[in-house]
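Report on one structure; see the data block that follows.
The values are calculated or read from the model by the stated rules, or taken from the named source; none is laboratory data. Please read these numbers as outputs of a predicted model, since none were measured by experiment. Cβ sites come from the backbone with ideal geometry, for glycine too, and all protein chains shown count toward neighbours.
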Amino acid sequence: MFKRIKKIKKLAMTISMVFAAVKAVESYGKKVQDKNKQKQVVENSRILQAKKLREKFNLVNVGDLTDDGHGGSNESEILELFGEPDVITDSKIQDIDVKVYTWRRNMIILTIQLTSDHVISKNITGFRWGERPEKLTLEVFDNLETNSSYSSIIGLIDEPDGYNESRINDHSLITATWRTGLNGRRGANAILLFRDDQLIDKSQVHLA
């Protein structure tokens with residue numbers, strides 16, 4: 001009789017330990033799931049903020065360096081869009097005094113140059129659009145023809161991640177870099193150079 005009771009107690013203890021272990025695993029799994037959800041919320045928020053920054057960047061107009069920045073957004077408009085810059089430096093381009101404003105937002109670096117209170121160049125690096133269709137393949141890249149317009153190429157392979165635009169002597173120059181939305185090995189990228197809205201040069205690494 002006592003042996004039987006002992007066996008029952010032992011079995012009950014074993015079952016209790018099993019339930020406790022299962023509960024611990026479930027609790028751990030829920031914590032991991034909650035942590036992953038929290039990480040995803042933070043990441044989604046970061047991506048949303050980055051895209052809002054890019055939308056503001058796209059609103060900036062670039063004027064001509066040799067025409068006192070005529071046609072470019074003015075300083076007050078820039079400060080309204082981005083707030084006070086993190087860094088302000090002075091420079092010279094062709095003996096013209098230039099102010100360089102720099103903002104850092106996580107991995108993104110935004111740089112705007114001004115002369116006579118007007119924008120004469122803008123640059124954004126470290127920005128990525130994230131997951132999007134892989135429209136830029138090696139075949140598509142090879143078929144991009146010289147003199148194609150910027151808008152026609154954007155219509156074909158979507159907006160670039162990195163972007164630099166300047167204007168001097170009545171000529172515009174755009175350097176566009178793609179790091180997402182392309183098909184290739186790790187580290188793949190493509191760079192297209194436009195002069196007066198026409199493709200003049202291109203290069204790529206690891207596209208497939």
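At-a-glance table
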| read-out | value |
| --- | --- |
| Residues of segment 183-192 classified as farther than 19 Å from Ile124 by Cα and crowded, with 17+ Cβ neighbours inside 10 Å, total | 2 |
| Any hit, segment 85-103, residues being among the basic types (Lys, Arg) and assigned to a helix (DSSP H, G or I) | no |
| Leu79 vs. criteria free of Cβ contacts under 8 Å to residues at least 12 places away in the same chain, part of a helix (DSSP H, G or I), surrounded by fewer than 18 Cβ atoms within 10 Å (Cβ to Cβ) and in contact with a strand residue (DSSP E or B) (Cβ under 9 Å, 6 or more places away or on another chain) | yes |
| Residues of segment 175-186 satisfying the condition of being in a strand (DSSP E or B) and either in contact with a strand residue (DSSP E or B) (Cβ under 6 Å, 6 or more places away or on another chain) or among the acidic types (Asp, Glu) (or both) | Thr175, Ala176, Thr177, Trp178, Leu182, Gly184, Arg185 |
| Filtered residues of segment 142-182 (kept if buried (at least 19 other Cβ atoms within 10 Å of the Cβ) and either farther than 23 Å from Lys56 by Cα or among the acidic types (Asp, Glu) (or both)) | Asp161, Glu165, Leu182 |
| Pairs where the first residue, in segment 130-142, is farther than 19 Å from Lys51 by Cα and the second is β-branched (Val, Ile, Thr) and surrounded by 12 or more Cβ atoms within 10 Å (Cβ to Cβ), C-beta under 7 Å, 6+ apart | Lys135/Ile157; Leu136/Ile157; Val140/Ile157 |
| Qualifying residue in segment 26-49 (condition: at pLDDT 95 or above and among the basic types (Lys, Arg)) | no |
| Only listed residue being in contact with a His (Cβ under 9 Å, 6 or more places away or on another chain) and either of a type outside the set (S, T, N, Q) or modelled with pLDDT of 95 or more (or both), chosen from Asp64, Asp86, Asp117 | Asp64 |
| Residues that are of a type outside the set (A, V, I, L, M, F, W, C), over 16 Å from Asn143 (Cβ atoms) and within 19 Å of the chain's Cα centre (by Cα), drawn from segment 186-204 | Arg186, Gly187, Asn189 |
